[in-house]
Amino acid sequence: MLPAFDPAQAQKSLFAGLLQAASSNGHDKVILEDAEGTLLSYEQLVLASLVLGGKIARRTHPGETVALLLPNAVGLVVTLFGLNAYGRVAAVLNFTAGKKNLTSALRTGRIRTVLTSRRFLDAAKLQDLADALAATEWAPGKKVRILALEDVRSSLNILDKLAGAARAAIAGRFGHGSAKDADKPAVVLFTSGTEGAPKGVVLTNFNLLANTYQMLDHMRAILGPKQILLNPLPMFHSFGLTAATFAPLFAGVKVILYPSPLHYRQVAKLVERSKATVMLATDTFLTGYIRAAEPGQLASLRDVVAGAERVKAPTRELWASNGTDILEGYGVTECSPVLACNQRGDNHIGTVGRLLPGIEARLEPVPGLDEGGRLFVRGPNIMAGYLLADQPGVVSPPKDGWHDTGDIVTIKDGYITIRGRAKRFAKLGGEMVSLAAVENLIAALWHDVQHVVLSLPDPRKGEQLLLVTEKANASKDELLAHARKEGFPELWVPKSLLVVPSIPVLASGKIDLQATHELAAQARPPV
């Protein structure tokens, strides 16, 4: 039985947390597998991390931030723990973010070294990106170094392996690290840069372990050691890193890694082959998996945890027909990331559940809104601070420990309902209208495709709504009739419709709003 959450549990390093999990669940337990069939027990993961980490440590400095440009595979987890074991900070790079954002991220984080894999660069056709990163100056006159893991591994000798084995034996007997490591940075994740230059979110060992243990307390019904969890989510997003990798590893839940959430048929086949019982994903990906799966392929999945975007009713219905509950949760990168989640046996559909233990919340009023407020949170999982482009390497902490999520929510009986992003409200006819609420209205009518509602400047009314949709025969008249039938004001019905073949999606599974705005600007639809 997992203990109730106590912040004191998190007063250590991530690597020390791994050692404790190995001791609690059995050093010989196979805990990690990837799509290539690589299997590691706790003992093998600890040893591999210490051997590889020791070699990387000789080429880096204590406390240095080292970037990782790697796919979801066993090697990435080994490298993460290896860096942590030797006091290095891992900056997990989003290889889909493009040259501009990634070179900016390296400068913002003052990152000297990028660890990657030549095999991965070839397979993903990312050599041009690697060349651009190598040409980047992390400081005036100082170029970024690209280091291939193949070269690091080929340089390992018998002495390296013996040293790693000795250190693993000592660590297993006496532990590794101390409470002083807790407040040191462990991971840096970069925002998408859709609102300017990417910001680095600095998460400490304490932040990540606290959020892990908060989840294990809150989600104990589905994170038991007999479960098998499939993680197709990239670890350059905190959902894929903390919720879908660290939490199960520390709970004794075997983790199956898959390198791309977009391979819908392959993921469905992997569920069947691995007999996975739990999966974490976004609404977009969940829709893809359930539609692509052959009958019975997803039958082993009892619980699915969804985050990053709102779960649509049709998605929930499709999975219910598979006998699988969708437990919708909520988090933001700055909070390591999980803030709230529904639970098995306490699944309040339409909400994102209750706050995890140890998290405080307050709502600040929003002018023009009669219900809900802007959510601020505080707790042990809140980031150390941001790295900003105009102050490279300097951590800017949240004021008084409170993080502004930027989300408008209501809280009733402890259950949180997301009304929308503060930036995704439009003022129409003097009324504040949630674009997410309008999207919900449209999805109820045309539930088989994606839709995005944008707010655009209007020379006469200030703002107007545009519907960007994949519905080939979308009709404004049909939408208006549906709104009237459901009791919504005509004001909520978008004045313009733009039909596109597909709506852009980020690697995290969220709609790419910036790219959608660019589509709309290029199309210049009629009003």
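Exactly one residue out of L230, L262, L257 is surrounded by fewer than 24 Cβ atoms within 10 Å (Cβ to Cβ), farther than 24 Å from G109 by Cα and aliphatic (A, V, I, L, M), and it is L262. Looking at segment 291-309, which of the residues that are within 13 Å of L230 (Cβ to Cβ) and in a strand (DSSP E or B) is nearest to the chain's Cα centre (by Cα)? The residue in question is V305.
The set of residues in segment 60-89 being in contact with a helix residue (DSSP H, G or I) (Cβ under 8 Å, 6 or more places away or on another chain) and either in a loop (DSSP other than H, G, I, E, B) or of a type outside the set (A, V, I, L, M) (or both) consists of L70, P71, N72, G75, T79, F81, G82, N84, Y86, G87, R88.
For first residues located in segment 325-339 and not assigned by TED's automatic domain parsing to the domain that holds A313, partners that are assigned to a loop (DSSP other than H, G, I, E, B) and buried (at least 24 other Cβ atoms within 10 Å of the Cβ) and lie 6+ apart or on another chain with Cβ distances below 9 Å do not occur.
Tallying residues that are loosely packed, with under 12 Cβ neighbours inside 10 Å and of a type in the set (D, E, K, R) within segment 111-144 yields 4. The number of residues in segment 329-355 that are charged (D, E, K, R) and out of contact with any strand residue (DSSP E or B) (no Cβ under 7 Å at 6 or more places or on another chain) comes to 1. Would you check which residues across segment 302-344 are under 19 Å from N207 (Cα atoms) and hydroxyl-bearing (S, T, Y) and list them? Matches in segment 302-344: Y330, T333, S336. Does A299 qualify as being surrounded by 20 or more Cβ atoms within 10 Å (Cβ to Cβ), touching a residue at least 12 places away in the same chain (Cβ under 8 Å) and small (G, A, S)? No, not satisfied. In segment 352-364, the count of residues that are without any contact (Cβ under 8 Å) to a residue 40 or more places away in the chain, part of a strand (DSSP E or B) and either crowded, with 23+ Cβ neighbours inside 10 Å or in the same structural domain as L223 (by TED's automatic domain parsing) (or both) is one or more. All of (1) in a loop (DSSP other than H, G, I, E, B); (2) within 25 Å of T38 (Cα to Cα); (3) in contact with a helix residue (DSSP H, G or I) (Cβ under 7 Å, 6 or more places away or on another chain); (4) in contact (Cβ under 8 Å) with a residue 60 or more places away in the chain hold for I256 with one exception: (1). Any residue at all in segment 208-219 that's assigned to a loop (DSSP other than H, G, I, E, B) and out of contact with any Pro (no Cβ under 9 Å at 6 or more places or on another chain)? Yes, because at least one residue in segment 208-219 is assigned to a loop (DSSP other than H, G, I, E, B) and out of contact with any Pro (no Cβ under 9 Å at 6 or more places or on another chain).
For N101, the conditions (1) modelled with pLDDT of 90 or more; (2) assigned to a helix (DSSP H, G or I); (3) not β-branched (V, I, T) are fulfilled apart from (1).
Counting only residues that are buried (at least 23 other Cβ atoms within 10 Å of the Cβ) and assigned to a loop (DSSP other than H, G, I, E, B), segment 365-379 holds 1 of them. Only a single item in (1) surrounded by fewer than 21 Cβ atoms within 10 Å (Cβ to Cβ); (2) touching a strand residue (DSSP E or B) at 6+ places or on another chain (Cβ under 8 Å); (3) over 22 Å from F239 (Cα atoms) is not met by T108, and it is number (1). Exactly one residue out of A8, A67, A57 is without any contact (Cβ under 8 Å) to a residue 12 or more places away in the chain and hydrophobic (A, V, I, L, M, F, W, C), and it is A8.
The values are calculated or read from the model by the stated rules, or taken from the named source; none is laboratory data. The structure presented is a predicted model; accordingly, all values stated were derived computationally and were not measured. Here the Cβ is made from the backbone with ideal geometry for all residues, glycine too, and neighbour counts use every protein chain on show.
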